[in-house]
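K.L.:
Quick one: the structure is below, and I'll ask about it shortly.
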Amino acid sequence: MRIVAHPIIEDYQKGPLVQFLYNGETVEGHAGESIAAALRAMGVRIHRYTTKQHKPRGVFCAIGRCTDCVMVVNGVSNVRTCITPLEAGMTVQTQFGLKAGDGK
Amino acid sequence: MKRYELIVIGAGPSGLSAAIEAAEAGMQVVVFDENGRPGGQLFKQIHKFFGSKEHQAKVRGVRIGENLLAKAKDLGIHVILDATVLGIYKNKEVSVLIEDEVQNYKADAVIIATGAAENMIPFKGWDLPGVMGAGAAQTMMNIQGIRPGGKILMVGSGNVGLVVSFQLLQAGCEVAAIIDAAPRVGGYGVHASKVTRTGIPLYTSYTVIEAKGVDSVESAVIARVDECFQPIPGTEIELGVDTICIAVGLSPMSQLADNAGCQMEFAPGKGGNVPVLSETGETSIANVYCAGDVAGIEEASSAMIQGKIAAAAIARDLGYIDDIEFAEKKTAYAESLSKIRAGMFAPGNKGKVFEKTDEGFTISDSLLTKGYLSESELSAFPALDASGGTHIVIECTQNIPCDPCQDVCPAGCIIVGNTITQIPKLDKDKKCSGCGLCVGVCSGQAIFLVNDQYEDGYGTVGLPYEFLPLPAKGDVGKALDRSGAPVCDATVVEVRTNKAMDKTAMLVMKVPVDQLSSARFFKAAEGGN
Ligand SMILES: Cc1cc2nc3c(=O)[nH]c(=O)nc-3n(C[C@H](O)[C@H](O)[C@H](O)COP(=O)(O)OP(=O)(O)OC[C@H]3O[C@@H](n4cnc5c(N)ncnc54)[C@H](O)[C@@H]3O)c2cc1C
Ligand code: FES
């Protein structure tokens, strides 16, 4: 899903590749890109499940307005992953209602 | 409480232009933006803008943004990011959420330049992962460098839907179709033609009725609509897509003005609820101004000028410029604004259907309903030079404010005139040198360089090309017509790039002479480059 060559954009000014934990698994992304971008690059589309109906939600606005992309980041719930930059060693978990789950 | 002379809310083109104008006059300015990156919408706009030289026409939006930021930095303007303005209170006190802490600021004047938010339409399954705003797709691909999906349905054929579809192709995504519930294409014909010639179908009078999928989008069901925009049973088509992008319009983000107590009005032509403004952008509250999309959905080009007018008015009120200087500025800005607000797609013409151009030419029905010109309808337009040898063909058939083609032609072949919405004409007495600069700079990618005397029985078509991999001389493939249908074999004979064309290449392909008037895009053979 990463764009390796683009006809107009020369450089996305990404930070170095770093490791982070996604639902307990060690994965990689670029420091400074949004957590959502790093997840999308790995093919992840589901960020959370709604409380009552357990319906999946993913990136919808990508600018921090709709809260569809919230996940549990470093143990904190409701973090908008589309505008939160990725840092080395972060733990990112699918959010179920208001709590973390294992992604299933 | 921190004090400034001017607080600007929003670091988009409008807010930054306002801040620059005010700082140049000598004022102390702070700009807040809730985003982690300044520039507002501009950094997603990697295409070339329309307008005249004074509006930075033919410059890509992202470059305009970079220039604004550099200027703001030179002037020492404080741009505070990740700072969400929560409210504007009495005496121009402003509360701002910065890193989980509410801070209070006070100023003599405030400019609200918060831009717009994307509209949404509900349909079955619209909340599945994979349904997203067109702006979200743009943020992912143009800022984050990630393809939002593999195969995409675009809902909406306004300029946003058309431009984002083109950008999705540039990012390497497949676009299955662009649909619009209206019977006509909403955006500029040239933006539509840019995508249809690559083979993307554009269906007018179609809407999306369902997003299907277990955990995320696996397909989209679209259906034809009747005159009342109701889906017609039996016309459903299921498209295998993993992403649905919604581009059904923008609404001004005017809540701050509303909550501050500014007098508001509902203006459908402006996109919704907007503050009532004076000529200079002042709201009903003295020294609280609005500029840009928040005051009515328009373009970055006009947002920048609105920002400057508001800042100049404030500079005058605070004594930084005198009445004479202000009057001069105001006249110049108003003139520039009226130029960019002209033409068929001007803010005042929203929803109007034009059948003829200002010059009296009949606008192509095919362009309005299918997104591409039909050859027979095109022949009515003046910029088709059929003379022997190398000549240009300009497929610009609507009155839009844009004239870089006229400026760039070294031989003076292209005439737009002073009214920049005029359809370009050719000066028959001037000789085209074949430089191809017009092909490369036209923001609508609507100019082609045709040579009908290349070889016995063959001619060449030079076309604008902005995709990767860039074909090379000798590559073979198919020539596609305006609808994207293959019409004949084609061989690339030249690929011209240069600085003036700013990453738009002119790809020259050889085709039989009888296809010169239909071949408008090159598709490399599978397996080849
Ligand atoms: C796909 C697409 C193509 C386009 N093509 C063109 C084109 O070719 N030519 C052209 O001229 N225009 C084009 N535009 C339009 C142009 O991008 C907008 O008109 C322009 O960006 C509006 O500028 P603005 O400064 O009013 O708002 P914006 O650019 O939206 O900036 C508003 C800023 O305010 C910030 N903000 C909002 N609320 C708050 C708050 N409470 N506190 C702090 N900050 C806040 C936002 O984060 C944002 O950065 C296009 C737009 C799109 C979507
Ligand atoms: S996708 Fe809307 S807040 Fe992140």
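Each reported figure results from applying straightforward, stated rules to the coordinates on display, with no laboratory input. Only a predicted model underlies this, so the values are computations on that prediction, with no experimental measurement involved. Note that we place each Cβ from the backbone using ideal geometry, even for glycine, and neighbour counts take in every protein chain shown.
K.L.:
Between B:S95 and B:D317, what is the FRET efficiency for a Förster distance of 30 Å, r being their Cβ-Cβ separation, to the nearest 0.05? All intermediate terms of the calculation are to be shown ahead of the outcome.
P.N.:
Values: r = 24 Å, r/R0 = 0.79.
Efficiency, from the Cβ-Cβ distance: 0.80.
K.L.:
If you fit an axis through the alpha-carbon atoms of helix B:323-340 and take the longest principal axis of the Cα set of chain B, what angle between them do you get, 0 to 90°, nearest 10?
P.N.:
30 degrees
K.L.:
For a label point 7 Å from the Cα of B:W126 along Cα→C-beta, name the residues of the range B:249-279 whose backbone N is under 16 Å from it.
P.N.:
Label zone hits: B:249-251.
K.L.:
Evaluate 2.2 N^0.38 Å with N set to the residue count of the range B:415-454, then give the Cα radius of gyration divided by it. Don't jump to the answer; show the numbers that get you there.
P.N.:
Details: Rg = 11.6 Å, N = 40, 2.2 N^0.38 = 8.9 Å.
Computed over Cα atoms of the range B:415-454, the ratio equals 1.30.
K.L.:
Take the alpha-carbon centre of the range B:426-447, take the same for the range A:7-48, and report the distance between them in whole Å.
P.N.:
Between the Cα centre of the range B:426-447 and that of the range A:7-48, the gap is 43 Å.
K.L.:
Quick one: check the C-alpha center-to-center distance for the range B:140-179 versus the range B:76-113, whole angstrom.
P.N.:
35 Å
K.L.:
A further question on this structure: Across every pair of different alpha-carbon atoms, what Kirkwood hydrodynamic radius in Å does the protein assembly as shown reach?
P.N.:
Numbers: mean 1/r = 0.0388 Å⁻¹.
This gives a value of 25.8 Å.
K.L.:
Just rank B:E526, B:E21, fewest to most, by other beta-carbon atoms within 10 angstrom.
P.N.:
Values: B:E526 6, B:E21 26.
Placing the least packed residue first, the sequence is B:E526, B:E21.
K.L.:
Roughly what would the spin-label model give for B:D489 and B:K106, points 7 Å off Cα along C-beta, in nm?
P.N.:
With each label placed 7 Å out from Cα toward Cβ, I get 8.0 nm.
K.L.:
Here's another thing I want to ask about it. Counting just the Cα atoms, what span does the range B:120-248 cover along each of its three principal axes? Round to the nearest Å and put the largest first.
P.N.:
Cα spread of the range B:120-248 along its principal axes, largest to smallest: 39, 37, 23 Å.
K.L.:
Here is a further query. Just in the range B:265-326: which GluC sites (Glu not before Pro) are loop by DSSP and have at most 11 other Cβ atoms within 10 Å? Mind showing how you got there, number by number?
P.N.:
Values: sites: B:E265, B:E279, B:E282, B:E298, B:E299, B:E325; in loops: B:E279, B:E298, B:E299.
Passing both the DSSP loop test and the Cβ count: B:E279.
K.L.:
Give me the extension gain from A:V4 to A:N74: residue separation times 0.36 nm, minus the current Cα-Cα distance, reported in nm with one decimal. Each step should come with its number before you reach the end.
P.N.:
On the way: separation 70, 0.36 × 70 = 25.20 nm, distance 2.95 nm.
Full-extension gain reported as 22.2 nm.
K.L.:
I would also like to ask the following. Less than 15 Å Cβ to Cβ from B:K48, Lys/Arg counted +1 and Asp/Glu -1: what total charge do the surrounding residues give?
P.N.:
On the way: positive: B:K44, B:K53, B:K58, B:R60, B:R63, B:K194, B:K499, B:K503; negative: B:E66, B:E299, B:D403, B:D407, B:E466, B:D502.
Local charge sum for B:K48: +2.
K.L.:
Please compute the length gained on full extension between B:D407 and B:L81, using 0.36 nm multiplied by the number of residues separating them and subtracting their Cα-Cα distance. The partial results should precede the final answer.
P.N.:
Working: separation 326, 0.36 × 326 = 117.36 nm, distance 3.82 nm.
Net length gain for the segment: 113.5 nm.
K.L.:
Right, next: For the range B:165-174, take each phi angle, set θ = phi - 60°, evaluate the Karplus expression 6.51 cos²θ - 1.76 cosθ + 1.60, and give the result in whole Hz per residue in order, putting x for glycine and proline.
P.N.:
Per residue, the Karplus-derived 3J(HN,Hα) values read 4, 4, 5, 5, 4, 4, 7, x, 8, 9 Hz.
K.L.:
Can you give me the C-alpha center-to-center distance between the range B:342-389 and the range B:244-319, rounded to a whole angstrom?
P.N.:
32 Å
K.L.:
Another question about this same structure. Can you list, bin by bin at 5 Å, the percent of alpha carbon pairs in the range B:381-529, starting at 0?
P.N.:
Reading upward from the zero bin: 2, 11, 20, 23, 20, 14, 7, 2, 1, 0.
K.L.:
So how long is each side of the range B:102-151 along the principal axes, counting just the alpha-carbon atoms, biggest first, in Å?
P.N.:
Principal-axis extents of the Cα atoms in the range B:102-151, largest first: 50, 28, 20 Å.
K.L.:
So, one more: So what's the angle, to the nearest 10 degrees on a 0 to 90 scale, between helix B:300-317 and the longest Cα principal axis of chain B?
P.N.:
20 degrees
K.L.:
Additional query: Given a cut-off of 35 Å, what percent of all Cα-Cα pairs of chain B lie beyond it?
P.N.:
That fraction is 38 percent.
K.L.:
Now a separate question. Express in nm, to one decimal, how much length is gained between B:E526 and B:K431 on full extension, taking 0.36 nm for each residue of separation and deducting their alpha carbon distance. Intermediate values should be presented prior to the final figure.
P.N.:
On the way: separation 95, 0.36 × 95 = 34.20 nm, distance 3.84 nm.
Fully extending the segment from B:E526 to B:K431 adds 30.4 nm.
K.L.:
Need one value for B:116-127: mean number of C-beta atoms belonging to other chains within 10 Å of its residues' C-beta atoms. Show your work: numbers first, answer last.
P.N.:
Values: counts 0, 4, 5, 0, 3, 0, 0, 0, 0, 0, 1, 8.
Mean number of neighbouring Cβ atoms from other chains: 2.
K.L.:
Please compute the average number of Cβ atoms from other chains found within 10 Å of each residue's Cβ in peptide B:129-142. Kindly include the intermediate steps, with their values, before the conclusion.
P.N.:
Numbers: counts 13, 6, 4, 7, 7, 0, 3, 11, 2, 1, 9, 10, 5, 5.
So the per-residue partner count for this stretch is 6.
K.L.:
Rounded to the nearest 0.05, what FRET efficiency is calculated for B:N418 and A:L98 with R0 set to 60 Å and r the Cβ-Cβ distance?
P.N.:
Step by step, r from the Cβ atoms, then E = 0.45.
K.L.:
What nm value, rounded to one decimal, do you get for the distance between B:K503 and B:S284 when each label is placed 7 Å out toward the C-beta?
P.N.:
4.5 nm
K.L.:
Further, regarding this structure: Applying 1/(1 + (r/R0)^6) with R0 = 41 Å to the Cβ-Cβ distance of B:K212 and B:I324, what FRET efficiency is obtained, to the nearest 0.05?
P.N.:
With R0 = 41 Å, the Cβ-Cβ based efficiency is 0.05.
K.L.:
If I model a spin label at B:T362 and B:M1 as a point 7 Å from the Cα along the Cα→Cβ vector, what separation in nanometres do I get?
P.N.:
Calculated label separation equals 6.6 nm.
K.L.:
Quick one: of B:K73/B:K499; B:K58/B:K151; B:K48/B:K329; B:K53/B:K329; B:K151/B:K350, which pairs are farther than 22 Å apart, Cα to Cα?
P.N.:
Details: B:K73/B:K499 26 Å; B:K58/B:K151 30 Å; B:K48/B:K329 27 Å; B:K53/B:K329 18 Å; B:K151/B:K350 31 Å.
Over 22 Å Cα-Cα: B:K73/B:K499; B:K58/B:K151; B:K48/B:K329; B:K151/B:K350.
K.L.:
If you take all C-alpha pairs in chain A, what percent of them are over 18 Å apart? Write down the numbers at each step before the final one.
P.N.:
Numbers: 2372 of 5356 pairs.
The share of Cα pairs beyond 18 Å in chain A comes to 44 percent.
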